[in-house]
Amino acid sequence: MKVTVLGAGYMGSAMATVAKMRGHDVTLWGTWLDDALIDPCERGLAHPRLGLKLDGIAILRSARLAEALAGAELVVHAVSSEGAVPVMTKAAPHLPDVPVLSVSKGFLEAKSGKMDRIDVVVPERIGRAVRFVHAAGPAKAIEIARRVLTLMQFAGPDAEACKRALGGDHLNVATTDDIAGAEICSALKNAYATGLGLWDGLVGKDSHNARAACFSQAIVEMRAIARAGGGRDETVHGAAGVGDLHVTAAAGRNRAFGERVGRGKPAREVAAEMAAEGLLTEGYAAIATAWRFARERGVRDVPWLEALNAIVWEEADVAKTLGALKLTV
């Protein structure tokens, strides 16, 4: 089938390689922010983030969006949550009525003024239905592209169709109809992974007890927030929740962001530094949007998330705030 991937960053390029492994005709479309990533690929060099050549994949720049979507039988949405509405607004007139597998993670502001899921807000904002399937689970882009054993969970009405198109070999795919739970878990895990990184920065390598305690607390809070948003407990307890939080907290940009903040530097300065290094820190915004999402749905007993919001967005003292944390596990 023809598969079009929107977004040429880490995950978009990785999913494009998976689609190519499955024998599909693959087009990778880069946004107006992806030119630096596309330049070397057009010259036959490795993708600057994946470190792999994208052989056999058609690579198109932002001005060729209509061409990229023409005839697509499956679309993979791999732009950041912040770019979801702008990109899908441009794509809307050209988007075929096909499944849109979204690997984007985060909450967006709906017209009501409240935070909500991407699959809810994007159709509202662009004025047309989108057949979203959410791709959740512990899946680091570079490992997917390099054929390392991976488990993902696809959620939504067209989840099985997406599984047939992309699953197989090293990529194991589970499916669920709980798109609410899966997407909420994906948004929350970046926030909580940042929090676990705080302990690495504050205490150092001997913070295993604290990390384990806060990991457990994170699952309790994720379950409460997912329930309030229409999700189910088993989704939190599976690949989308426990699994994805584990891999994100073990390594990656969000954990690194938390570690730098844990050493005492204000979050806004760390975010600016990492942005200058070309590192997207989803956890920074994720903490604020998760806090809003929870409060807007009446979820109050989330002390770990409250502490993270205080540290990252209100510049509360890290050591004092973590020292006063009361777990509800």
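Tell me which residues, restricted to the range 176-204, are over 19 Å from residue 325 (Cβ atoms), outside any helix (DSSP H, G or I) and open to solvent by 10 Å² or more (accessible area, probe 1.4 Å). Answer for the range 176-204, where residues must be over 19 Å from residue 325 (Cβ atoms), outside any helix (DSSP H, G or I) and open to solvent by 10 Å² or more (accessible area, probe 1.4 Å): 176, 177. Run residue 16 past the list (1) touching a helix residue (DSSP H, G or I) at 6+ places or on another chain (Cβ under 8 Å); (2) open to solvent by less than 20 Å² (accessible area, probe 1.4 Å) and report the number of the one that doesn't hold. All conditions are met except number (1). A count restricted to the range 58-97 and to residues that are within 28 Å of residue 157 (Cβ to Cβ), crowded, with 20+ Cβ neighbours inside 10 Å and without any contact (Cβ under 8 Å) to a residue 60 or more places away in the chain stands at 4. Summed over the range 23-38, residues that are over 19 Å from the mean Cα position of the chain (by Cα) and within 14 Å of residue 55 (Cα to Cα) total 6.
The set of residues in the range 139-151 being crowded, with 20+ Cβ neighbours inside 10 Å, touching a strand residue (DSSP E or B) at 6+ places or on another chain (Cβ under 8 Å) and either part of a helix (DSSP H, G or I) or of a type in the set (Asp, Glu) (or both) consists of 144 alone.
Here the condition is being closer than 25 Å to residue 284 by Cα, of a type in the set (Val, Ile, Thr) and at pLDDT 95 or above; of 120, 148, it holds for 120 alone. If only one of 304, 313 is in contact (Cβ under 8 Å) with a residue 12 or more places away in the chain and crowded, with 17+ Cβ neighbours inside 10 Å, which one is it? Of the residues listed, the single one that is in contact (Cβ under 8 Å) with a residue 12 or more places away in the chain and crowded, with 17+ Cβ neighbours inside 10 Å is 304. Being assigned to a loop (DSSP other than H, G, I, E, B), open to solvent by 20 Å² or more (accessible area, probe 1.4 Å), at positive phi and not hydroxyl-bearing (Ser, Thr, Tyr) is a property that residue 128 lacks. Residue 207 meets the conditions (1) modelled with pLDDT under 95; (2) under 21 Å from residue 153 (Cα atoms); (3) surrounded by fewer than 24 Cβ atoms within 10 Å (Cβ to Cβ); (4) among the hydroxyl-bearing types (Ser, Thr, Tyr) in every case but one. The failed one is (2).
Residues checked against (1) closer than 21 Å to residue 290 by Cβ; (2) open to solvent by 30 Å² or more (accessible area, probe 1.4 Å); (3) touching a residue at least 24 places away in the same chain (Cβ under 8 Å):
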{"residue": "111", "(1), (2), (3)": "yes, yes, no"}
{"residue": "116", "(1), (2), (3)": "yes, yes, yes"}
{"residue": "134", "(1), (2), (3)": "yes, no, yes"}
{"residue": "137", "(1), (2), (3)": "yes, no, yes"}
{"residue": "153", "(1), (2), (3)": "yes, no, yes"}
{"residue": "161", "(1), (2), (3)": "no, yes, yes"}
{"residue": "165", "(1), (2), (3)": "no, no, yes"}
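No other residue among 236, 242 is surrounded by 17 or more Cβ atoms within 10 Å (Cβ to Cβ), free of Cβ contacts under 8 Å to residues at least 24 places away in the same chain, of a type in the set (Val, Ile, Thr) and closer than 26 Å to residue 298 by Cα apart from 242. The residues of the range 57-114 that are farther than 20 Å from residue 190 by Cα and either acidic (Asp, Glu) or in contact with a Cys (Cβ under 8 Å, 6 or more places away or on another chain) (or both), listed by number, are 59, 67, 73, 74, 97, 99. Filter the range 205-257 down to residues that are of a type in the set (Asp, Glu) and in a helix (DSSP H, G or I) and give me whichever is nearest to residue 329 (Cα to Cα). So the residue we want is 221.
The values are calculated or read from the model by the stated rules, or taken from the named source; none is laboratory data. None of these values were measured; they are calculated from a predicted model. In this analysis, Cβ positions are derived from the backbone assuming ideal geometry, glycine residues included, and neighbour counts consider all displayed protein chains. Quick note on the areas: whole protein, heavy atoms, side chains included, nothing else; ligands and nucleic acids left out. Shrake-Rupley method; radii C 1.70, N 1.55, O 1.52, S 1.80 Å.
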